[in-house]
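What follows is a short report on a single structure.
The values are calculated or read from the model by the stated rules, or taken from the named source; none is laboratory data. Note that the coordinates shown come from a computational prediction; the quantities given were computed from them, not determined experimentally. Glycine gets a Cβ as well: all are built from the backbone with ideal geometry, and neighbour counts include every protein chain shown. Remember, those area values only see protein heavy atoms, side chains included, never the ligands or the DNA or RNA. Shrake-Rupley method; radii C 1.70, N 1.55, O 1.52, S 1.80 Å.
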Amino acid sequence: MMAESSRSISYSPAEATDSARKLWLAATSQSDLDEVERLYRWALSSKTQQKQKLSPNTNRDENEEKRKNGDEPPKKKTKSGDCGLNRTQFTQAGEKLALLLCQSGRCKKAKKGLASMGFTCRLAEQVLDYPCEGDDDSSENDDGSALTNNKMKEKRKSLCQIVDGFLSQLELERLRLIFGSPSASYWNDHNYAVEPPSPYFSYVIPLEEVIPTEENEMKRFGFIGHLVQKMMACPLLNENFPKLQSQANFVELWAHNRPHASGHQMHFDSDDEGRGGIRNPIISTIIYITAEGATKKVKATGGPSLVTNQKLSDIRLASKGWMAHPKQKRLVAFDGRYLHGVVPGKGFQQGRRVTLMLAFWENIKIREGREPGSARPFPDNNLPEWAKHLVAPFNEDGDNYGSCVEAAPVKLDRIYETLDGKARKRGTGMPTYDEVFQGF
């Protein structure tokens, strides 16, 4: 892509936006991101639906000049039909450009464009342009040792729990075998796609088939059964989530494999995606399989998980939140009733953000079906390759929790703000979903 930008290229506006997003998802340098911005700006300002030559002369210096002059995403007076994009394409391109601005310290430049698209507020700058892990060393002492008592007390107040080192090396290797490659059978068998996203699919296992008894060792589920048992017996989790052992009857599992710049919109975990009423899990968990960065300064791929203090029944937007960055072998757990999502990774980073989710339910309906879907029964006969690896025998000696260390999530005192970066006033009520800019 960058090699081609050294000469004029014939693009339609729609092709330019498609190329911009593809380049963004594969970006490896600031030059790539500058090219992404240039493509979006050109597509949104083009005056014809016919293919035009996109001049390469808009270089980084000209981009910087535009930034200084306060260029924003398209304003309301620019009609989608005038630039060769239909309304949906125009809005999507405008939102992507706004996200790029917000994640590079230019939230103010996005204000007019967002307002023209009907947004009244957005995720806060500290969410979209999030602090990187290590910028704040609150999760450990200066010498890298465990949290102090005061920090532990503060951590206990959060709705998000982090346990580092939850996975052993052997457990990590098994998970990477199953989920690590985008071409692995798990993704191919489900026609998994990131953009546009494939329909949600998950599997449910009754815990009575996983938890061993004196009469039955329950080895049918092999590795995944081992992982479920390890999580349910984890002392650190049970301290924060006492209902895990006393009330959980089912475990639901699903996974994601995303590029760095791909996120997951804010949502509530719910049975059958909320159809027929909202029913939430007792606890939702995330296991990070993501590869570590090459150096301490190079972070793991992908943006942070964000957990807020907002429930579905609330009449106001979330006022607080907690972030957990991707880190290999890390476990994140939170109460399944709360709004959460994944912020797209900012800047550029190679690799994939790979995660396995396990949600523990008191009750959830298992739904039969031939096609991938929500809460399917775990395969029983003629196991596909990925399922064979999940249920294959797994034996590991030693202390299951010897490497586990609690870490504090990044605490956020503001989740949403007005388009000009100010706190939303009390009493303004709950905006509609379409009035809140997430950017992903």
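At a glance:
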item: Reciprocal mean inverse distance between Cα atoms of region 380-440 - Kirkwood radius, Å; result: 18.0
item: At R0 = 56 Å, FRET efficiency that the Cβ-Cβ distance of Ile278 and Leu177 yields, to 0.05; result: 0.95
item: Cubic angstrom per residue, convex hull over Cα atoms of region 171-265; result: 148
item: Estimated translational D of region 271-371 in µm²/s (Stokes, Kirkwood radius over Cα pairs; 4 °C; 1.567 mPa s); result: 84
item: Efficiency of FRET between Asp434 and Asn395 - r from beta-carbon atoms, R0 41 angstrom, step 0.05; result: 0.20
item: Mean projection area, nm², convex hull over Cα of region 296-440; result: 13.7
item: Subset of Lys320/Lys422; Lys96/Lys346; Lys112/Lys422; Lys311/Lys365; Lys243/Lys388 violating a 20 Å alpha-carbon distance limit; result: Lys311/Lys365; Lys243/Lys388
item: Where region 258-341 is the region considered: accessible area per residue in Å², 1.4 Å probe; result: 37
item: Packing-based ranking, highest mean first, of 95-106, 12-23, 412-423 given that Cβ atoms within 10 Å are counted; result: 95-106, 12-23, 412-423
